[in-house]
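First the structure, in the form of structure tokens, and then the observations on it.
The values are calculated or read from the model by the stated rules, or taken from the named source; none is laboratory data. None of the values given here were measured: they were computed from a predicted structure. A quick note on method: Cβ atoms are made from the backbone with ideal geometry, for glycine too, and the neighbour counts reach across all protein chains shown.
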Amino acid sequence: IIGGGTMGAGIATAALLAGFNVVLIEMKEDAAEAARGRIAGNLSGALKRGKITQMKYDAMTNTALEVSINYDSLASVDLVIEAVFEDMGVKKEVFGKLDAVCKPGAILASNTSYLDVDEIAASTSRPADVIGLHFFSPAHIMKLLEVVVAEKTAPDVVATGFALGKALNKISVRAGVCDGFIGNRILATYRTAADHMVLDGASPFQIDKALVDFGFAMGPFAVGDLAGLDIGWATRKRKAATRHPAERVPTYPDKICEAGNFGQKTGKGYYIYEAGSRGGVPNPEVSELIAAERAERGITPRDFTDAEIVRRYMAAMVNEAAKVVGEGIAKRPLDVDMVLLFGYGFPRYWGGPMKWADLQGLPALLADIESYAKEDAWFWEPAPLLKQLVAEARNFDDLNKQAAK
């Protein structure tokens with residue numbers, strides 16, 4: 001494993017708990033020791049809960065785990081998972097080093113959450129051995145694993161990715177290459193729908209509450225605070241150069257970040273977090289920034305009902321998911337449902353967004369999407385697959401059954 005931050009340490013923990021020997025590479029000695037400490041901390045949690053014995057814990061931390069600052073330590077490993085900073089230049093540099101030291105036939109995997117696995121693979125002399133293994137944080141607890149199959153990934157490498165997922169006790173879902181794969185691509189879309197509703201008159205706090213009432217553990221703005229608002233800020237900067245001219249992108253979230261407020265880790269984001277208290281209280285500065293941006297754009301805010309918030313949010317999710325299935329990024333609607341259930345906290349009793357859409361009825365959902373498209377034709381362009389299913393009086397579950405034959 002390359003990188004011993006939260007993600008790398010979580011993947012190492014999962015691998016150790018599954019009985020694998022792990023070599024973890026860090027840049028410097030102090031970072032390597034910090035990574036060892038993170039892994040030991042994760043494993044001590046398993047020890048306290050009775051998941052492992054003291055003897056197992058000692059064997060994992062002293063024998064099964066090797067922490068090194070030298071890539072040559074990877075000469076005999078069968079599979080490498082890179083979990084470094086989400087930057088293409090950094091990842092290509094790492095894969096160049098791996099290509100030089102790893103034995104022929106070793107699998108080189110990237111834990112990227114958005115970046116192009118084909119481009120990463122092209123930076124090596126063995127693209128057939130390169131695959132994406134997108135874990136979700138904390139990786140030793142979260143169940144989902146997106147197995148991202150690049151254009152040149154060999155079938156035995158794909159099979160090994162799924163075998164590893166099974167050994168780690170993950171729900172493994174095959175994904176194709178695009179920006180964000182299955183989960184993060186759909187997330188970016190429904191999160192944008194929430195941002196649009198804020199510009200048009202809803203408050204982030206009303207949206208969060210409506211979605212918690214629908215069944216999510218947290219709303220999108222509270223989740224942003226938890227993950228760190230600087231992540232979305234970095235993504236917006238990365239995408240700015242290639243942004244479609246019709247795209248509506250609010251600027252107030254950047255202003256929150258420019259003030260040094262990144263959410264829970266800084267004590268303030270959309271919400272204000274007092275030491276020792278669970279959850280936060282709405283940050284009044286956010287409402288002021290939103291009001292200023294509406295005035296600047298000449299938007300007269302309107303009221304949204306909670307039901308309308310849920311309908312738009314879910315319609316955006318399902319429409320993008322239908323595009324993901326239609327393009328073959330996900331093989332079937334069921335795969336999307338698994339990703340959202342096990343990686344994104346989708347309410348279990350709805351069965352996933354595609355199941356929810358079938359329960360609501362696809363014709364009514366498509367009619368709503370077409371009505372939203374009258375205000376924003378670019379964002380709300382109906383998915384061709386959704387239109388086809390409605391025209392043929394079929395639903396997403398019909399596609400699952402078709403795929404199972």
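Which one of SER68, SER125, SER110, SER76 is crowded, with 18+ Cβ neighbours inside 10 Å and modelled with pLDDT of 95 or more?
The match here is SER110.
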Given the structure, is ARG294 of a type in the set (Lys, Arg), in the same structural domain as PRO250 (by TED's automatic domain parsing) and either in contact (Cβ under 8 Å) with a residue 40 or more places away in the chain or touching a Phe, Trp or Tyr at 6+ places or on another chain (Cβ under 6 Å) (or both)?
yes
For the range 253-282, how many residues are of a type outside the set (Asp, Glu) and within 16 Å of TRP233 (Cβ to Cβ)?
15
The one condition in (1) within 21 Å of VAL223 (Cβ to Cβ); (2) surrounded by fewer than 17 Cβ atoms within 10 Å (Cβ to Cβ) that GLU370 fails to fulfil
(1)
Sole exception among (1) small (Gly, Ala, Ser); (2) surrounded by fewer than 22 Cβ atoms within 10 Å (Cβ to Cβ); (3) part of a helix (DSSP H, G or I) for GLY345, by number
(3)
Restricting the search to the range 35-68, which residues are hydroxyl-bearing (Ser, Thr, Tyr) and under 18 Å from VAL22 (Cα atoms)?
SER44, TYR57, THR61, THR63, SER68
If ILE39 satisfies every condition in (1) outside any helix (DSSP H, G or I); (2) touching a helix residue (DSSP H, G or I) at 6+ places or on another chain (Cβ under 6 Å) but one, which is the exception?
(1)
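With the structure loaded, tell me whether PHE162 is farther than 22 Å from ASP376 by Cβ, touching a residue at least 24 places away in the same chain (Cβ under 8 Å) and either basic (Lys, Arg) or outside the structural domain of GLN360 (by TED's automatic domain parsing) (or both) or whether it fails that test.
no
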